[in-house]
Amino acid sequence: MFGRVGATGRSAVAGSNETLARVPAPGEDDDDDLYSFDKKPAGIYDGFSTSAGRALPTQAGYGGLRTGFRTAVGTAYGDPNAGGRPMTSVRAAGYSSRGRPGMVAGSAFDPFNQGRNTPSSPYKLEVSPDEHLKTLEKKINQLITESTILSSPLHNNPHLALEKAKEAAKKERLLAKQREQYIASTAGPGAADTPHATANLDLTYCVLLNLADQYHKNKMYQEALNGYAVIVKNKMFHQSGRLRVNMGNIYFEMGKYGQAVKMYRMALDQITNANRDIRLKIMRNIGISFVRMGQFQDAITSFEGIMETSPEYHTGFNLILCYFALGDRDRMKRGLQKLVSIKPMAVEQNEDVEGPPTSTALRDEPIEDHEVFNEDALRAIARERRKAAERAIILAAKLVAPNIDDAFANGYDWIIDTIKASPHAGIANELEIAKAIQFLKTKDFQKAVDTLKTFEKKDQSMVGTAATNLSFMYFLDGDYKQAEKYCDIAIASDRYNAKAQTNKGNCFFVKGTFDKAKEYYQEAISVDAACTEAMYNLGLVNKRSGSPQDALQWFEKLHAILRNNAEVIYQIADIYDKQGNTSQAMEWYNILISVVPTDPGVLAKLGDMFARDGDKSQAFQYYSESYRYFPSNMEVIAWLGAYYVDCEVYEQAVQFFDRAAAIQPSEVKWRLMIASCHRRSGNYQMALETYKRIHEKFPDNVECLRFLVRICTDLGMKEGQEYVEKLTRLER
C-alpha cells in the first residue's frame, strides 16, 4: 500500500501480502493495535485502508493521516512513542520493508531463490567452483553407470558402452584440470582441503577400470592392456595388483599363454591366503594355460594343488584330461575316484511338499507338481550346478573307460561299480546306456541289445531311455516290428518322449503310411519344439506325399534353427528345382556349395541346371569341379567329353572317353566315341585301328561295321569287301 515518508526517512511500504494496514482516526489512542483482542462494535474503526491504498468509508468519512502510521503487523514507524512489536520478529521468514538483497522493483517475493537458477530466469545466481566440481563428478558417475548397463548381457551394446566410457574418461580429465585451477586460484592455506577440491581417487580408479573393461569387451586387446597397466603401475591405487588377472585373461584370449601365466602368477603373489577362493580360481587359470601350451605335467601340478585344497568338478575333470593325455592308467583311475567322491550339492525341498508323487497319472506329467512348488532362483542354481557336476563325471567316465583296460567293457564295469559306491550312484544307469552305445559303435549289435534289455527288469526309471535306443537299433537293423514294439514301450513309459514319437513315425514312414507318420512327427514337435529330427522327417513325408509347399515350410523353419545343415539346404533347393523355379534353386544350391564346397553331386547338379539354362561356360566350370572331386561319375564324364567334341577339341574328348571305357569296359559306345574323335580329327589310320579292335571285341555291332566299310572305301583298301559281306549278313 502507499505510505508516506516517516521520521526515519525510509519508505513505509508494508510488504507484499494483502493484510489490512490501519491508519488511526482522530481522537483514537496511539496504543490501539490491529491485533488487539478488545471487542468493539462495527463502525468505530474509522480510517481503515487496504494494502493497495484504498480507504474504507466510515461514519466520520475518511480518516485523516497522522505523522506516523502502522504497518500490517502494527509496528509504528516515525512515532517515537509507538509501542508495537519490532519488525525483526518476522525477519526470519523473509519479510522486510527493505526487501531482500538483489531484488528489483516488480520482482516476485522468493525468499528461497527457487526461481533464480532456472534457465529462463534473468536473475541467475553464480555457481560456486565447488558446486561446479560436484556437478561434474555426478555426470561422470552417471556416464559410468550407463556404460556398465549398456555392456551388460541385457542390452549387449559394447560399442555404445565404450563411447560412454571414453566420454567419462574425458570428463574426468577435465575435472582434474579444473580442480587444479580452482586450488591455484583460491586464496588461503585451506583451499585444497575442501571436499571437492581434493582428488577423488575412487572416481579416477572407477573411470580407468571401466574404460579398460570396455576395451576388452570390444576385442581391443592392446588398448585394454594399456588401460590396465596405467592402473596397476599407479601406487596410489591400493589392491590394484589383482587386476593382473584381467590382463592374464586378455593374453589368454590372444593366444599368448606364456604371458597369461606370468600375469596370473604376479596376481597370485599379491593376493593373500585370506582370499582362498580367488587364489584357487587363478591357479585353475594357470593350469588351463599350461594345457593350451601342451605342458601337461605343469598343469597337473596346478590342478592337484586345487584338488587337495578344495576339490571341485571342473578342476577334477581337467585333471583327468591331463592324465589321459599322458596315458597314465593308474592316475586316471585315481583321478576318477577323487572326482566321484566329491559330495554333490544338495537341493533343498519345501517342507510343506512331500516327495514326488507315485501314482501313474501324475508320473505321466512332464513336470511334477513338487518340482514346480520347490522351484525358485536358488534351487534353480543348485540344480544347474548339480547337472554340471553329473555331466563332468559322465564325460570323464566315457573318456576313461576305453583306456583304463584293454577291453572297454571291463573299463565300463569298473567305473560303474566305482560310481555305485559313491554319492553319485544315480548316474550309474546312464553309464550302462553309454556302454550299450559303445557296443553299437563297435558293431557288436547283440551285446548292445542285451545290455539295454537288462533295464526292463532292473530299473524302471530308465526303461524309456533303453526302449528308445532299442527301437532305434532294431530300425537300423531293418526289424521294423521289434522297433515298433519298443517304441510303444518307450511311449507308455513316458508319453512326452519326443525321440520315441519320432521313431514310431519312422516305422510308419517305411511302411508307406504317411498320414500316421505325420501324426507322430507332429506329436513329437508338440512335445519338444526343438526336435529337429521330427521336423526333417515331417518335411520328407510332405514331399513324398505330394505336398511340396508344406514340405518347403518345414524345411525353411528347420533351416532357421540349423543354419549350416547341408541336408536341409539340399531339400529346399531340390523342391524349388522340381517346382521349376530355377533361379531360387540355383540360389539355394550356391548356399549349399558354401557349406560343402567339395560335394561332387551338388556341383554336378549346378552344372546340369546351367546346361539346361543354356550357359555352357558356367556348366563346364561346375562339371569340371565335380569331375576333379569325383572322376567316376559317368554323367559328368559324358557331358565333358561331348562338350570338348562340340568345341572340336578332340584330343581332350578322347581322354574322357578313355576313362569312361575303363570304368565300363563292356559298354561299346565309349569306344565308338573314341574312334569317332580320331576320325573327325583326320587321323583315319588311328580311327581304322580303333574300329578293328572294337569289331574284334564286339563282332555283332552294326555301327562299327558301317564305319569300317566307309573308312576302307575312302582309303581304297581291299579288305573293305570283307566288312561289306559281314554287314550284309548282320542286316539280314
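The values are calculated or read from the model by the stated rules, or taken from the named source; none is laboratory data. Quantities reported herein were computed from a predicted structural model and do not represent experimental measurements. Glycine gets a Cβ as well: all are built from the backbone with ideal geometry, and neighbour counts include every protein chain shown. Note: accessible area is taken over every heavy atom of the protein model, side chains too, but ligands, DNA and RNA are not part of it. Shrake-Rupley method; radii C 1.70, N 1.55, O 1.52, S 1.80 Å.
Give me the net charge for the shell around Ala168: Cβ to Cβ below 13 angstrom, other residues only, Lys and Arg +1, Asp and Glu -1. Before the final figure, lay out the partial values.
Numbers: positive: Lys138, Lys139, Lys164, Lys166, Lys170, Lys171, Arg173; negative: Glu137, Glu146, Glu163, Glu167, Glu172, Asp213.
Result for the local shell: +1.
Rounded to whole numbers, the Karplus 3J(HN,Hα) couplings from phi for the range 490-501 are 5, 5, 5, 6, 8, 6, 9, 7, 5, 5, 5, 4 Hz, using 6.51 cos²θ - 1.76 cosθ + 1.60 with θ = phi - 60°, and x at Gly and Pro.
Calculated FRET efficiency, Gln337 to Lys138, Cβ-Cβ distance, R0 = 41 Å: about 0.10 to the nearest 0.05. Counting Lys and Arg as +1 and Asp and Glu as -1 over every other residue whose Cβ lies under 13 Å from the Cβ of Ser547, the net charge comes to +2. Ile437 contributes an accessible area of around 70 Å² to the protein surface, as traced by a 1.4 Å probe with all chains present.
When the Kirkwood radius is taken over all Cα pairs of the range 606-663, what Stokes-Einstein diffusion coefficient follows at 4 °C and 1.567 mPa s, in µm²/s?
Values: Rh = 11.3 Å.
This corresponds to a translational diffusion coefficient of 115 µm²/s.
For the set Arg334, Arg329, the ranking by accessible area, highest first and with no ligand, DNA or RNA atoms included, is Arg334, Arg329 under a 1.4 Å probe.
Largest first, what is the accessible-area ranking of Tyr215, Tyr486 with a 1.4 Å probe?
Numbers: Tyr215 40, Tyr486 10 Å².
Largest accessible area first, the residues go Tyr215, Tyr486.
Could you list, in their original order, any pairs among Lys139/Lys164; Lys692/Lys726; Lys281/Lys387; Lys217/Lys387; Lys333/Lys420; Lys166/Lys217 whose Cα atoms are separated by more than 19 Å? Where the Cα-Cα span goes over 19 Å, the pairs concerned are Lys281/Lys387; Lys217/Lys387. The distance between label points at Lys616 and Asp714 comes to 2.2 nm (points 7 Å beyond Cα on the Cα→Cβ vector).
For the set Glu304, Glu567, the ranking by accessible area, highest first and with no ligand, DNA or RNA atoms included, is Glu567, Glu304 under a 1.4 Å probe.
Report the extension gain between Leu154 and Thr598 in nm, rounded to one decimal, defined as 0.36 nm multiplied by the number of residues separating them, less their alpha carbon distance. Please report the intermediate quantities before stating the final value.
Working: separation 444, 0.36 × 444 = 159.84 nm, distance 4.08 nm.
Taking Leu154 through Thr598 to full extension adds about 155.8 nm, to one decimal.
In the complete set of protein chains, residue-level accessible area for Asp277 is approximately 100 Å², probe 1.4 angstrom.
Taking max minus min of the alpha-carbon positions on each principal axis, the range 536-632 gives extents of 36, 24, 22 Å, largest first. What figure, in Å² to the nearest 10, do you get for the accessible area of Leu378 with a 1.4 Å probe and non-protein molecules left out? The accessible area comes out at roughly 140 Å². Here's the picture: charge each Lys and Arg Cβ at +1 and each Asp and Glu Cβ at -1 in the range 216-343, and of Gly327, Thr272, Val232 the one pushed furthest to the positive end of that dipole is Val232. With the simple spin-label model, which puts each label point 7 Å out from Cα in the Cβ direction, the Arg563 to Lys420 separation comes to 4.7 nm. Residues within the reach of a label modelled at Arg383 (point 7 angstrom out along Cα to beta-carbon, backbone nitrogen below 16 Å), restricted to the range 328-348, are 345-348.
Work out, in µm²/s and without decimals, the Stokes-Einstein translational diffusion coefficient of the range 419-571 at 10 °C, 1.306 mPa s, Rh from Kirkwood over C-alpha pairs. Please report the intermediate quantities before stating the final value.
On the way: Rh = 16.5 Å.
Roughly 96 µm²/s, to the nearest whole number.
Taking label points 7 Å from Cα along the Cα-to-Cβ direction, Ser666 and Lys441 give a separation of 4.2 nm.
Each Lys or Arg adds one and each Asp or Glu takes one away; over the other residues whose Cβ falls under 11 Å from the Cβ of Tyr215, this sums to +1.
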